[in-house]
Every structure is written in C-alpha cells, then in structure tokens.
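Asks: Starting off with a structure, shown below.
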Amino acid sequence: MPVTYRLAKDFNVAANIIRAQVAPNQIGKLVVELSGDIDQLDAAIEWMRSLHITVSQSVAEIAINQDICVDCGLCTGVCPTEALTLDPETYRLSFTRSRCIVCEQCIPTCPVEAISINL
Amino acid sequence: MRTIAEINEKIARQSAVVLTVEELKARVAEVGVSQAAKEVDVITTGTFEPMESSGAIINLGHTDPPIKIRRCWLDGVPAYSGFGAVDLYLGATQAVEAIDGEEVREKGGGHVISDLIAGLPIQLRALGQVTDCYPRATFETTITRDTINQFYLFNPRNLYQNFIVGVNGGDRPLHTYLGPLQPRLANAVYSNPGALSPLLNDPNLQLIGIGTRIFLGGGIGYVAWEGTQHFPLQKRLPNDTPIGPAATLALIGDAKQMDARWVRGCYFKSYGPSLMIGVGVPLPVINEEVVARCAVQDNDLVAPIVDFSIPRRVRPTFGLVSYAQLKSGRIAIEGKPVRVAPLASLFLSRQVTIALKQWIEAGKFTLAKPVAPIPKERSFLPQDIWGAQVVLE
C-alpha cells in the first residue's frame, strides 16, 4: 500500500523517509519524519493504526551502552546532526538525544557494538 | 640530573614525583622546563587505540594421548599452529570462519583474546597430524586463561609514532581500517592521540628501548624489539617529531595479568576485526631535555591527510594538519570544512597515563633501563614483483 502517498493526499502530511526496510509482499519497517497540521497528524496516525500498521513514536531510539563504549569518538564523524560529540575537556562521548534523527549511521560505525536501536 | 636507579629508589620509598604527560605540559607552561625537570621524576604517556598487528601466543598443555596440532580454531577463529605441537598464535585480525549455514559473525581474533582475558570460556577445536610421537588426530575442549600454560600478547607492531588522517575524495563510501570514510571529503578520521602518545614525547627514542617496562593492556609488558614497518627516517619537523608514520615497537606481555577493560576486540564494518589496546610508557626525567621533549603540544605535532579513494601504496595527500586542529573536531581541506573524528580513545588514553602514574606512585611499578636501543636507521622497502614480467609489445 502506498502509505506515504495517502498520507500526503488524504492528510496533507509530508513523510520524510529516514529509513525503509520494505520487501514486496512482506512486512517491513519505515522510519519516517511526519510533518503537517497537528490534528491532521493525529488523524493520519489513527488511520495507519486502523490498517493494523504498528506506529511507534521515535523517542529514545538510539541507545549507547556506556559499559561497552570506549569513547573513541569514531561515531561523531558520521553523525550528520552532531547529536554525538566528544566533550572537548573530558573527551567522553556525549549524546544529545533531541538532535538525533535516527539515521543509524553510528550503529555500523561503532567498532565495539556499543550503539543499538530499540525499534 | 638523576639516574633510573635513583628514580627506582624513590619509587620503592613511594616518594617519586610522577606526572601524567598532560600534567607535565601544564606544569612546564607554569614554571618552565628547568624547574619542572627539577621537580618531576617520571612522566607517564599513554594511548588506547586499535593496533591490528597484535596477537597472542598460547601453549595449551599436552593432551593424553598427545596431539601435534596442525589446524586449530578458537571460538571459530583460526589460530596458527605451524610450530610446537600445542603452541598457537592467535592473530587479532583473523576473522571467524563461519560454519556452513551459520550467519557470519562480526568477530575475530581480537574478540577471542579479550574474552580470554576477561576469563570467559573459549571453545577449542583442533586437527592433528598423526605421528608416532603424537597419535591423536582430533581434539575438542573448552579453555579459559587458567587452563592453559602460557598466554601472552606478542604484538609485532604497536605504538606507531604518529599516523595519518584518512579522507575519501572519491564518490562512493569506503570501509577502511579507520572506519567508514564518506565520499566527497564528508569526514576525516585520525588514529593517534597526539601529545599524549608515548613515541611523540620521546621522538628520537632516547629513553625507550628494548627492555623498557610498560603498561600493556592493564598488565606489565616490555618493549621486545623494533616493530614491523619501523621507519625512523620519516621526515621530521624541527622538534624532531615525524610528519607521518615513523618508528614502531614490538611489545610483549603476560595476558593472564591483563584486564579486558584495556584489551578490547573491535570490528570495522566491511574491513574486519582488530584489537584495541591500552599502552602506557613511563619516561624517566634523567635530564632537562626529557622535559623539553615532553612539553610538545598538539599545535607542534602534525599528520598527513591521505585520500583513501586511490587504493595504491602511495596515496595522494592533502597536506599536513596539526593535532590541535584535529582535536577541535573540524579541519579545512582545500577551503572546505570537514568533520574529523578520532579513532584512538583520547579519554582512555588519558586514563592509561593516570593508571600508570598510580602504579608508580604506589611503588608497584619500577622503571627498566633499556638493554639495547631501537635502531635509528631503517629503510622502508616496498614489495615489488621481480623476475619474469609480462611485457606488452
């Protein structure tokens, strides 16, 4: 089903696809940033749920395991929004969740598998 | 000024004055080289970074009936066995061999080494050559670091004196030993901790030599030899620090004493496994020159920016950049700002210098005078094809 088309046509909601994992005739996953009128957004989410599409809000998605992280900072170079940075004094990794767009580029970059996503 | 023996006497009395190399640099800025040299006995340097030319020697102990191992896997990672019957060498970058139908795991020798150090059990599978001395053909067991005779790291190339900065001037993403390099110079990666780094604070290896006692992976280790690709003749700045990869050291140390916090298996996507190791080197303040060398700052150290999009032995470069610029997180390449990330953990490098300082202050670690110097001259030979070559007429 052309979900993003219907979102735009029926609800005037723009769907910016951040990640898509959808194979033909199979269940898939889309990470989308939705923008539009607040009521329209609620209606759009309601409509998707009525079609048995599981909708979860993308909060606290990127998780960094502090016990595994070695603070090398390699992830900071691929983070497009600078949600991941190194503290200039302590050189510890700092993660500003509000800046994260869940592009997930940090996940395969991490050499010690300290970063994961809970989607 | 003071000898290593005198410093060791002070360490034994727990009265030695030990500063981390960062504390020393700050002290020199305050009181100058001469005064700092009067005050300080030992300076601790350190790094924590992937060092792929690393591995572990293991002696299993003999089975009954005995086996002469010719092929061997530790948690699926092949180990070299072409020497003593139950001697193994497990290389850090050796990738796991997936058994048919099994998903390929992003794991290798580095992970097995850190798991063994952590005390975890490791599955061992071996095939032997049947001989009159060694009749057994196969052997399977579970080992831990406490059930094997020897388990020591012998790393042919660690502690690179400086390295490079990797970028990608091409138009497709590259997966490298420096991690992902995004096309069109979208990011840069450097891997040396700069002013914290042991060999950048002793640029001419006047203090560090064969037999120098060091902090290796949380245990005590030694400088064993010059490292592979040791290239002391690299071009140098007036402060004698090299402008690119230069001297290297081979290190050795008992892995049974090590701590998995300082020895970490790692994996670079679409490149392969490696091993991150914390290494600390103490520098004895035997004269003022030691302090003057250790006062070097990130501003005074440079590395070349190398374009990985040309996969040749000699890759094009975009000139030199200082470690102060690198640590700022942003450099300029041909006028364009580029985000730069370290690969060495600057945080853990600093923690190594602090841990080694605490050992020395507590009298647990004394300094060893080198028994022989590291060679100052070595050519850096390329490997080209000699003999018959195809000639296009």
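Asks: Classify chain B from the C-alpha gyration tensor, please: rounded if a/c falls under 1.5, else prolate or oblate depending on whether a/b exceeds b/c.
Replies: Working: a/c = 1.92, a/b = 1.22, b/c = 1.57.
Oblate, since a/c reaches 1.5 and b/c is not below a/b.
Asks: Now for a separate question. Which of B:199, B:174, B:19 ends up with the largest GNM mean-square fluctuation for chain B, with Cα atoms connected below 10 Å?
Replies: B:174
Asks: Straight-line reach from residue B:364: which aspartates and glutamates fall under 19 Å, measuring Cα to Cα and dropping same-chain residues less than 8 apart?
Replies: B:6, B:9, B:41, B:254, B:259
Asks: For the protein assembly as shown, what is the convex hull (Cα atoms) projected area averaged across all directions, in square nanometres?
Replies: Values: hull surface 133.3 nm².
Mean projected area for the protein assembly as shown: 33.3 nm², to one decimal.
Asks: Moving to a separate point now. Once the Cα gyration tensor of region A:62-117 is found, what semi-axes does its equivalent ellipsoid get, as square roots of 5 times the eigenvalues, in whole Å, sorted largest first? The partial results should precede the final answer.
Replies: On the way: eigenvalues 43, 37, 19 Å².
They are 15, 14, 10 Å, listed from largest to smallest.
Asks: For region B:13-138, list log₁₀ I(q)/I(0) at each q in 0.11, 0.14, 0.16 Å⁻¹, using the Debye formula over Cα point scatterers of equal strength and ignoring solvent, two decimals each.
Replies: -0.58, -0.71, -0.81
Asks: For helix A:38-50, what angle does its Cα long axis make with the longest principal axis of chain A, in degrees from 0 to 90 and rounded to 10?
Replies: Helix A:38-50 sits roughly 80 degrees off the main axis of chain A.
Asks: Let me ask something else about it. For region B:254-305, just say rounded, prolate or oblate: build the C-alpha gyration tensor, square-root its eigenvalues into a ≥ b ≥ c, call rounded for a/c under 1.5, and beyond that prolate if a/b exceeds b/c, oblate if not. Could you put the intermediate results ahead of the total?
Replies: Working: a/c = 4.77, a/b = 1.50, b/c = 3.18.
Note, shape of region B:254-305 comes out oblate.
Asks: For chain A, just give the cysteines left without a disulfide-compatible partner, judged by no other Cys Cβ under 4.7 Å.
Replies: So far as the 4.7 Å Cβ criterion goes, A:69, A:72, A:79, A:100, A:103, A:110 stand without a partner in chain A.
Asks: Just name one of B:166, B:194, B:277: the one whose Cα is farthest towards the positive end of the charge dipole of region B:166-280 (beta-carbon charges, Lys/Arg +1, Asp/Glu -1).
Replies: The residue sitting farthest along the positive end of the dipole is B:166.
Asks: Less than 16 Å apart at the alpha-carbon level, and either on another chain or at least 8 residues along: which lysines does that give for residue B:107?
Replies: Hits, sequence-local ones excluded: B:269.
Asks: Now for a separate question. For region B:61-148, give the magnitude of the charge dipole about the Cα centre (Cβ charges: +1 Lys/Arg, -1 Asp/Glu; no others), in debye to the nearest 20. Spell out each step's value before the answer.
Replies: On the way: 8 positive and 12 negative charges, 51 e Å.
That gives region B:61-148 a dipole magnitude of about 240 debye.
Asks: Dipole size in debye (nearest 20) for chain B around its Cα centre, Lys and Arg Cβ +1, Asp and Glu Cβ -1? Present the calculation step by step, with values, prior to reporting the outcome.
Replies: Numbers: 38 positive and 37 negative charges, 92 e Å.
Using Cβ point charges on Lys, Arg, Asp and Glu, chain B gives about 440 debye.
Asks: Kirkwood Rh over alpha-carbon pairs of region B:292-392, then Stokes-Einstein at 10 °C and 1.306 mPa s: what D in µm² s⁻¹, rounded to an integer? Don't skip to the end; give the middle numbers.
Replies: On the way: Rh = 18.7 Å.
D, rounded to a whole number, is 85 µm²/s.
Asks: Given the C-alpha atoms of region B:144-298, compute the convex hull and give its volume per residue in Å³.
Replies: On the way: hull volume 20.5 nm³, N = 155.
Per residue, the Cα convex hull of region B:144-298 comes to 133 Å³.
Asks: Can you give me the pair-distance distribution of region B:147-232, C-alpha pairs, 10 Å bins, whole percents?
Replies: Pair shares across the bins are 14, 35, 27, 19, 5, 0.
Asks: With every atom except the alpha carbons ignored, what do you get for Rg and Dmax of region B:232-284, in angstroms?
Replies: 15.6, 42
Asks: Taking the Cα centre of region A:62-117 as the origin, how large is its charge dipole in debye, to the nearest 20, when only Lys and Arg (+1) and Asp and Glu (-1) carry charge on their Cβ atoms?
Replies: Values: 3 positive and 7 negative charges, 32 e Å.
With Lys and Arg at +1 and Asp and Glu at -1, about 160 debye.
Asks: Need one number: nm distance between label points at residue B:83 and residue B:97, each 7 Å from Cα along Cα→Cβ, rounded to one decimal.
Replies: Here the modelled spin labels are 2.1 nm apart.
Asks: Here is a further query. Mind checking which helices in chain B clear 20 Å along their axis (Cα) and have mean Kyte-Doolittle hydropathy of -0.5 or more, DSSP H runs only? Kindly include the intermediate steps, with their values, before the conclusion.
Replies: Values: long enough: B:346-361 (23 Å, 0.49).
Membrane-span-like by this criterion, though nothing is claimed about a membrane: B:346-361.
Asks: Test of understanding: in a Gaussian network model of chain B with alpha carbons linked when under 10 Å, which of B:240, B:41, B:100 would top the mean-square fluctuation ranking?
Replies: B:100
Asks: Loop-only GluC sites (Glu not before Pro) in region A:19-91, please: DSSP not H, G, I, E or B, and at most 14 other Cβ atoms within 10 Å. Provide the component values of the computation, followed by the final result.
Replies: Details: sites: A:33, A:46, A:61, A:82, A:89; in loops: A:61, A:82, A:89.
Answer in residue order: A:82, A:89.
Asks: Still on this model: For chain B, calculate the relative contact order in percent as a whole number, restricting contacts to Cα pairs under 8 Å that are 6 or more residues apart. Don't skip to the answer; put the middle values down first.
Replies: Working: 1016 pairs, mean separation 93.7, N = 393.
The normalised contact order for chain B reaches 24 percent.
Asks: Show which lysines lie in cross-link reach of residue B:327 when reach means a straight Cα distance below 18 angstrom and same-chain residues fewer than eight apart are skipped.
Replies: B:25, B:336
Laboratory data are not the source of any read-out in this text; all were calculated from the coordinates shown. Quick caveat: nothing in here was measured; it's all calculated off a predicted structure. Note that each Cβ is placed from the backbone with ideal geometry, even for glycine, and that neighbours are counted across all protein chains shown.
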